[in-house]
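The values are calculated or read from the model by the stated rules, or taken from the named source; none is laboratory data. All figures in this text were calculated on a predicted structure; none of them were measured in a lab. Cβ coordinates were reconstructed from backbone atoms using ideal geometry, including for glycine residues, and neighbour counts include every protein chain displayed. In case anyone asks, the SASA skips ligands and DNA or RNA and just uses the protein heavy atoms, side chains included. Shrake-Rupley method; radii C 1.70, N 1.55, O 1.52, S 1.80 Å.
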Amino acid sequence: MINALLAQLDTVLLYVFAISALVGAALMLVLRHPMQVAMALISTMVFLGGIYGLLGVHFIAAFQVLIYVSAVMVFMVYVIMLLDVRDASFMHRFSQWKLPGFAFGTLLFAALGYGLLLGVYSVATASASFGLAQFAAAFLSEYWLQFELTSVLLVAAVVAALAVMKGGKERDRG
């Protein structure tokens, strides 16, 4: 039994890192305190670095940990420390968008589940196996632009959050 597990260790670790990254991403949505959200984001990024390492892209894995986890997250934690965490607006759990958000989340998970079932079915019926090495090659050759666009969207989200925060404080004063 242990030999079979060791033979599939990369697949088991891939699932562990993927589930851990998803749990960290879900925690970012439900935690209240900004510092706890930042810690969940850090753990998610570390697990994504582990996934990149398992895919054989050690250079991207190292940059994921060195640049995103250390540099970007230090910047974000610095911004959180500049916020007034005693402000009561951080303690508001939900807004008027709770019901539409729940409906959209349900549709999203249904679509993801449907896609996963189709993917599992197509992999089960395919004659050639698609392993970790083939996925890494496809990721680096075809999907590198989407990976970089994600980082641009992260920067845009930080700028938007700072603009919303500044606008809210000016509205409270006036």
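Things worth noting here:
- Take the Cα of ALA161, step 7 Å toward its Cβ, do the same at LEU108, and the gap between the two points is 1.5 nm.
- Surface analysis of the stretch 1-71 yields an accessible area of 61 Å² per residue, using protein heavy atoms and a 1.4 Å probe.
- Each of the peptides 29-41, 137-149 was scored by the mean count of other Cβ atoms within 10 Å over its residues; in descending order, highest first, they stand as 29-41, 137-149.
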